[in-house]
Structures are given as structure tokens and as C-alpha cells.
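These notes concern the structure reproduced below.
The values are calculated or read from the model by the stated rules, or taken from the named source; none is laboratory data. In this text the structure is predicted, and so the values were computed from the model without any measurement. All Cβ positions, glycine included, derive from the backbone under ideal geometry; neighbour counts span all protein chains shown. Just so you know, the surface numbers come from the protein's heavy atoms only, side chains and all, with ligands and any DNA or RNA stripped out. Shrake-Rupley method; radii C 1.70, N 1.55, O 1.52, S 1.80 Å.
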Amino acid sequence: MVMGRPDKNYATDAVTRQLQTAVVLLTAVTTAILVWQALTRDEPVPITYLLGDEIDYELQTGALLPLIFIALAFTGGTMLMSFAPAFGRFPVTVTKENVDRLYKASERLHAWIGLGVQLTVSVGLIMLLLQDRVVLIVMLIPALLTAVVWFRGYAAMAREEFTRREIRGDG
């Protein structure tokens, strides 16, 4: 098992770097707006589970700050695995032959997951700012899409490595 970064020749590709930059910028913007809402909002945030008009729950204004930290923790965790892919989980054993491929795939996968997490936060923030309430079923859509991206990316890494082994005759 190989830990840490690959050798000096390893470089993050341009698409992954753009995704990482987008996640960092989106995180900064959504966090700034959420902090502004948490500090200036006087009334609680109405929460609706489905698409009805009746409010199911009200989130008190002080409860926004822990939610900001939770969103930052999820984004920070995925970005840590994107910037340092050795912390990620891999579907196959990391060897000297496949380390570059797996790390690049892991970087890109976790950048997409970070983007999905921040898009989910953005959807909730947009509903809060435009409708003055949050509908949880709508926030479930980007969360499910993020899960699909993760499972598909993980499966693609596994499929690629197993295909390479079959072609080489190793497995």
C-alpha cells in the first residue's frame, strides 16, 4: 500500500483544479451569506418537509450557526480528500503502478462531491432568501445527486482497475 502523494511528476489536472476552485469560491460565498443571515435574522426559519404551504417546523435563528459549521465540515472533509487523495478510500489496493491514476480519479471525485455538498447548501440558502422558508424535499434532490456521483465515481474507479487487471492477466 502506498501512502502520501505520488512522486514529483504528479500534477492535478486542469478540470479538477477548476472544480476545486469553484468549490472554494462557492463555499466562501454561501458561508458569508449564511453568517449574515445568522447574525441579522430576527425571525425563525420556517421548514416544510414536502411541497405544502403548512409549516412543519421552525428553526430558531441561533440554530443557523451550528448548521454553518456542519456544512463547512462536510465541504472541508471532501476538499481535504480532494487536495490530499491519500486520505481517501479506494476500491482496490493502491500500488506503485496505479497510484497516479487512482489519486487523480480520487481528486476529481471528491471535488465533485464537494461541489454537490455546496450546491445542496446553496439550494437551501436560495429558498431561504427567495421564499423565506426551506423545503426539505427540494434539498434532497442535490443531496441524492451527490450520492449518485460518489457511487458512480467509486464504481468507475473499481471497474477501470479490474479491467486493467483482466487485460494484464493479474486477476
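Looking only at residues of the stretch 124-142 that are β-branched (Val, Ile, Thr) and open to solvent by 40 Å² or more (accessible area, probe 1.4 Å), we find that the one that is nearest to residue 26 (Cα to Cα) is 126.
Would you check if there is a residue in the stretch 11-18 being touching a Pro at 6+ places or on another chain (Cβ under 8 Å) and either without any contact (Cβ under 8 Å) to a residue 40 or more places away in the chain or not aromatic (Phe, Trp, Tyr) (or both)?
If we filter the stretch 11-18 for residues that are touching a Pro at 6+ places or on another chain (Cβ under 8 Å), which is where we start, we get none.
Looking for residues that are touching a Pro at 6+ places or on another chain (Cβ under 8 Å) and either without any contact (Cβ under 8 Å) to a residue 40 or more places away in the chain or not aromatic (Phe, Trp, Tyr) (or both), one finds none in the stretch 11-18, hence no.
Here residue 94 passes the criteria (1) at pLDDT 90 or above; (2) not hydroxyl-bearing (Ser, Thr, Tyr); (3) not in a helix (DSSP H, G or I) except the one numbered (1).
Out of curiosity, is residue 78 open to solvent by less than 20 Å² (accessible area, probe 1.4 Å), out of contact with any Ser or Thr (no Cβ under 8 Å at 6 or more places or on another chain) and in contact (Cβ under 8 Å) with a residue 12 or more places away in the chain? Lay out the reasoning, then the answer.
Details: open to solvent by less than 20 Å² (accessible area, probe 1.4 Å): yes; out of contact with any Ser or Thr (no Cβ under 8 Å at 6 or more places or on another chain): yes; in contact (Cβ under 8 Å) with a residue 12 or more places away in the chain: yes.
Yes, satisfied.
Checking each residue in the stretch 99-134 for being over 20 Å from the mean Cα position of the chain (by Cα) and farther than 30 Å from residue 45 by Cβ picks out 99, 100, 101. For residue 149, indicate whether it is of a type in the set (Val, Ile, Thr), in a loop (DSSP other than H, G, I, E, B) and surrounded by fewer than 20 Cβ atoms within 10 Å (Cβ to Cβ). In short, no.
Suppose the filter is within 30 Å of residue 102 (Cα to Cα) and acidic (Asp, Glu); does residue 13 pass it? Here the answer is yes, as residue 13 does meet what is asked.
Here residue 95 passes the criteria (1) among the hydroxyl-bearing types (Ser, Thr, Tyr); (2) under 24 Å from the mean Cα position of the chain (by Cα); (3) open to solvent by 30 Å² or more (accessible area, probe 1.4 Å) except the one numbered (2).
Every residue in the stretch 19-74 that is polar (S, T, N, Q) and either touching a Ser or Thr at 6+ places or on another chain (Cβ under 8 Å) or open to solvent by 80 Å² or more (accessible area, probe 1.4 Å) (or both), please. Step through it out loud before you land on a result.
Taking the stretch 19-74 first, the residues polar (S, T, N, Q) are 20-21, 27, 30-31, 37, 40, 48, 60-61.
If the condition is that a residue be polar (S, T, N, Q) and either touching a Ser or Thr at 6+ places or on another chain (Cβ under 8 Å) or open to solvent by 80 Å² or more (accessible area, probe 1.4 Å) (or both), then 20, 27, 30, 60 are the ones that fit.
Would it be correct to say that residue 124 is touching a helix residue (DSSP H, G or I) at 6+ places or on another chain (Cβ under 6 Å) and not aliphatic (A, V, I, L, M)? Judged against the criteria, residue 124 is a match. The condition (being under 23 Å from the mean Cα position of the chain (by Cα) and at pLDDT below 90) is satisfied by just one residue among 19, 25, 72, 64: 64.
Checked against (1) in a helix (DSSP H, G or I); (2) in contact (Cβ under 8 Å) with a residue 24 or more places away in the chain; (3) not hydroxyl-bearing (Ser, Thr, Tyr), residue 46 meets all criteria but (1).
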